[in-house]
Amino acid sequence: IWLALSIFVCVESMQDGVGSFMSPGPGFFPFWSAVILGGLAIVLAVTSFLRKDREELTEQWMGLKWGKVIWVVASLLIYSVLLNSLGYLITTLGLMLFLFALAGRGKMWSWLGSALLATLLSYLVFYSWLNVQLPKGKLGF
C-alpha cells in the first residue's frame, strides 16, 4: 500500500514540475517525500519477507487495547469538528484533558495541570512565535 501510494504521489508531483535542488518546483517536496516513503516501503517489505518468526509479529497486535484506540480517533474527529466553533484554547484544553484522562496515569489535578500546560505552550509556540492564525471561536478567545 505504501509503495503504491508513493508511486502515485511521484507521478502526480512530476506533472506539477519537480525542478532541481537550486530551483525547486511545486512538486519538489511531495516528489522527494514520496521517494523516501517508497524506499522505506521497499525496506519494510524485504525485511518482513525475510523474517522467519511471523507468529511473533501477530502476537504484538494481540495485547493492544483497541477500545482506547477508538476513543482517541473519535476524540480527534470531535476536536476537528468543534475547533472552529469553540476556538483553539477551549477545544485543545478539552482534548488534552480527555487524552490525559484516557491514559489514566496520575490524579485528576495532574491531568488538568498537564492539559493547561500543553495548551498554553502550544498556543505560545504557534500563535506568539510562529504567528499562526488559530481559530478564536464564537466566544472570541
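Some values worked out for this structure:
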{"read-out": "Rel. contact order, % - alpha carbon contacts under 8 angstrom, at least six apart, the chain", "value": "19"}
{"read-out": "Accessible surface, per residue, of the chain when the full set of protein chains is kept, probe 1.4 Å, Å²", "value": "77"}
{"read-out": "Three-way shape label, the stretch 1-43, alpha-carbon gyration tensor, a/c 1.5", "value": "oblate"}
{"read-out": "Rounded to 10°, Cα long-axis angle of helix 2-16 versus longest principal axis of the chain", "value": "90"}
{"read-out": "Cα centroid separation - the stretch 101-141 against the stretch 1-34, whole Å", "value": "35"}
{"read-out": "Per-q log10 I(q)/I(0), the stretch 88-128, q = 0.17, 0.21, 0.31 Å⁻¹ (Debye; single scatterer per alpha-carbon; no solvent)", "value": "-0.40, -0.58, -1.00"}
{"read-out": "Residue-by-residue Karplus 3J(HN,Hα) for the stretch 68-78, coefficients 6.51, -1.76, 1.60, Hz, glycine and proline x", "value": "5, 4, 5, 5, 5, 4, 5, 5, 5, 5, 5"}
{"read-out": "For Gly19, residues with placed amide H under 5 Å, excluding near neighbours", "value": "Gly25"}
{"read-out": "Degrees separating the helix 88-103 axis from the principal Cα axis of the chain, which is the longest one", "value": "80"}
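The values are calculated or read from the model by the stated rules, or taken from the named source; none is laboratory data. Bear in mind that the values here come from a model prediction, so they are computed numbers and not experimental data. For the accessible areas, the whole protein counts, side chains as well, though only heavy atoms, and no ligand, DNA or RNA atoms are used. Shrake-Rupley method; radii C 1.70, N 1.55, O 1.52, S 1.80 Å.
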